[in-house]
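Below is one structure; the comments refer to it alone.
The values are calculated or read from the model by the stated rules, or taken from the named source; none is laboratory data. A quick note: this is a predicted structure, and the numbers were derived from the prediction, not measured. Note that each Cβ is placed from the backbone with ideal geometry, even for glycine, and that neighbours are counted across all protein chains shown. Remember, those area values only see protein heavy atoms, side chains included, never the ligands or the DNA or RNA. Shrake-Rupley method; radii C 1.70, N 1.55, O 1.52, S 1.80 Å.
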Amino acid sequence: MHGGIILKQTKKIIDNIYYKHITYDNIRSMWEIVRKTCKNKKAIYKYTVHQNTTNYILYQKLLNCNYEPMPYRLFLIFEPKERLVMSQTISDKIINHFVANYYLLPYLENKLIDSNVATRKGKGSNYADKLINDYINRIRMKNPKKDIYVLKIDISKYFYTIPHDILMDKLSKKIKDENVLRIIKTILTETDKPYINKTINKLNKKYHTNIPLYKKGVGLSIGAMTSQFLAIFYLNDLDHYIKETLGCKYYIRYMDDFIIIDNNKERLKEVWELIRIELNKLKLSINPKSSIINLKSGIVFLGYKYIIDNDKYKIVYRKKTITKIRKKLKILKKHDLVKYYKSYASYYGYLNKIKIYDRRFTMNILEKYDYFRKKYPKEIIFIRDARLYKTYGIDVKTLQKIFNIKDNAFDVYNIRSIFDYLKSIDSEYVVIDASLNVIEIKSDNKLNNSI
């Protein structure tokens, strides 16, 4: 499903890939990915109720080539800085994952260079950090006495300025199936709809922000799975030009931020100008903050500061970033343990380098119980732990009164009779699985049984 495992394609396959991948099972597998990764649990729950029917409708839409996206829900977030989020419906998320995983990744990812590292499996910021350290150490070994310079380039408003026509032209050179190109264009052109800029204007006015508007035929939506891949693909030809034609061996790109490392400052100036010319052809512009920096002054890239101080190469961790992370985790740990552990897991790669080694990313069973006890104060809470259903505290005392038992853990056979009796006496309870999903609930006389 992911790039890097697809063998060399024949022209016939490239020309006829649309219907090849449209199966109900493939739609269902994309739904499973969305179900596990989507943060909007309320929307996931609503979709789950009619999942088979809705997945079949999506399957039919793809077969009949009549898929049209629903409008995005636009809102702003303000950490770490203000930015626009364009939230899709669950159905649209499923289609986006389908297009990315079956039409983009298998046929295009193997065309990308290794040091194009954003949002790709096995890469990301940790891989970028590994490359930077490797490149700098190689250069220092070859020329220990020479200064090291870094050309650091950032593209202005990248997602808002990618032209659809140039992007589609690049895609059409790699994929010849018109149905695949059509569905990609359908997803792209949703940003042309009038409601997009109308909503952005309202948000800017309400929050006194300056979020850019979309020009017709320009820009990728923010947050969609297809947008992430198309953004790393759009500069692929430039990546090859920099690495192969210009011969810049020590080059890394993370989406619209890239660095080139070299001993020769004058050469980097020439490279900078040549890159600027190529970006102009792509109708993109370089952010004025871009510059050439001596590594003795240090460069900041993806949250780390790399510096040569007294001939010693160091990675300096930005105090501002660490302070923000610790503050956020402290608040989450106090108010929402579920979000705390998810956030901690995502920050671990960074925190590990500042000597924080606790690898526990999930709540223990007592933490789960306490969390859901606060969330459902009137119900008896059961936590499914492997093959047992466990409860604690006041709920053990409640069960003792009802059943005259002292156990707090029950196997699947005993728990079913307990549930049946609790229902018969209108006693409310909630069952939580290992992934913190509510899998059975009897509350306010409403039943949802999915065990």
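Numbers below:
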{"quantity": "Within segment 220-319, helices (runs of 4 or more DSSP H) holding 3 or more residues that are touching a strand residue (DSSP E or B) at 6+ places or on another chain (Cβ under 7 Å) and either over 30 Å from Gln88 (Cβ atoms) or among the aliphatic types (A, V, I, L, M) (or both)", "calculated": "265-281"}
{"quantity": "Of all residues in segment 372-409 being open to solvent by less than 50 Å² (accessible area, probe 1.4 Å) and in contact (Cβ under 8 Å) with a residue 60 or more places away in the chain, the one that is nearest to Asp336 (Cα to Cα)", "calculated": "Phe372"}
{"quantity": "Segment 102-115 residues that are within 16 Å of Lys20 (Cβ to Cβ) and among the aromatic types (Phe, Trp, Tyr), paired with ones that are buried (at least 21 other Cβ atoms within 10 Å of the Cβ) and modelled with pLDDT of 95 or more (beta carbon under 6 Å, 6 or more apart)", "calculated": "Tyr103/Val180"}
{"quantity": "For Glu68: the one exception among (1) outside any strand (DSSP E or B); (2) surrounded by 16 or more Cβ atoms within 10 Å (Cβ to Cβ)", "calculated": "(2)"}
{"quantity": "Residue pairs meeting the criteria (Cβ under 6 Å; at least 6 apart or on separate chains; first closer than 15 Å to Ser227 by Cβ and at pLDDT 95 or above, in segment 191-205; second open to solvent by less than 80 Å² (accessible area, probe 1.4 Å) and aromatic (Phe, Trp, Tyr))", "calculated": "Thr191/Tyr214; Ile196/Tyr214"}
{"quantity": "Residue in segment 271-284 that is open to solvent by 10 Å² or more (accessible area, probe 1.4 Å), farther than 24 Å from Ala128 by Cα and in contact (Cβ under 8 Å) with a residue 24 or more places away in the chain present", "calculated": "yes"}
{"quantity": "Those residues of segment 410-429 which are loosely packed, with under 14 Cβ neighbours inside 10 Å and closer than 19 Å to Ile441 by Cβ, in sequence order", "calculated": "Val412, Arg416, Ser417, Asp420, Tyr421, Ser424, Ile425, Asp426"}
{"quantity": "Considering residues of segment 39-81 that are in contact with a helix residue (DSSP H, G or I) (Cβ under 7 Å, 6 or more places away or on another chain) and of a type in the set (Val, Ile, Thr) only, the residue modelled with the lowest pLDDT", "calculated": "Ile44"}
{"quantity": "Matching residues in segment 370-382 - criterion: being under 29 Å from the mean Cα position of the chain (by Cα) and at pLDDT 85 or above", "calculated": "Phe372"}
{"quantity": "Residues satisfying the stated conditions in segment 101-126, i.e. within 15 Å of Gly303 (Cβ to Cβ) and at pLDDT 90 or above", "calculated": "Val117, Ala118"}
{"quantity": "Flag if Thr362 is at pLDDT 85 or above and out of contact with any His (no Cβ under 7 Å at 6 or more places or on another chain)", "calculated": "no"}
{"quantity": "Test: residue in segment 39-59 that is over 16 Å from Ile90 (Cα atoms) and open to solvent by 50 Å² or more (accessible area, probe 1.4 Å)", "calculated": "no"}
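Let's see how each residue does on (1) polar (S, T, N, Q); (2) open to solvent by less than 20 Å² (accessible area, probe 1.4 Å):
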residue: Asp239; (1), (2): no, yes
residue: Tyr250; (1), (2): no, no
residue: Phe258; (1), (2): no, yes
residue: Ser291; (1), (2): yes, no
residue: Asp311; (1), (2): no, no
residue: Thr321; (1), (2): yes, no
residue: Lys327; (1), (2): no, no
residue: Asp336; (1), (2): no, no
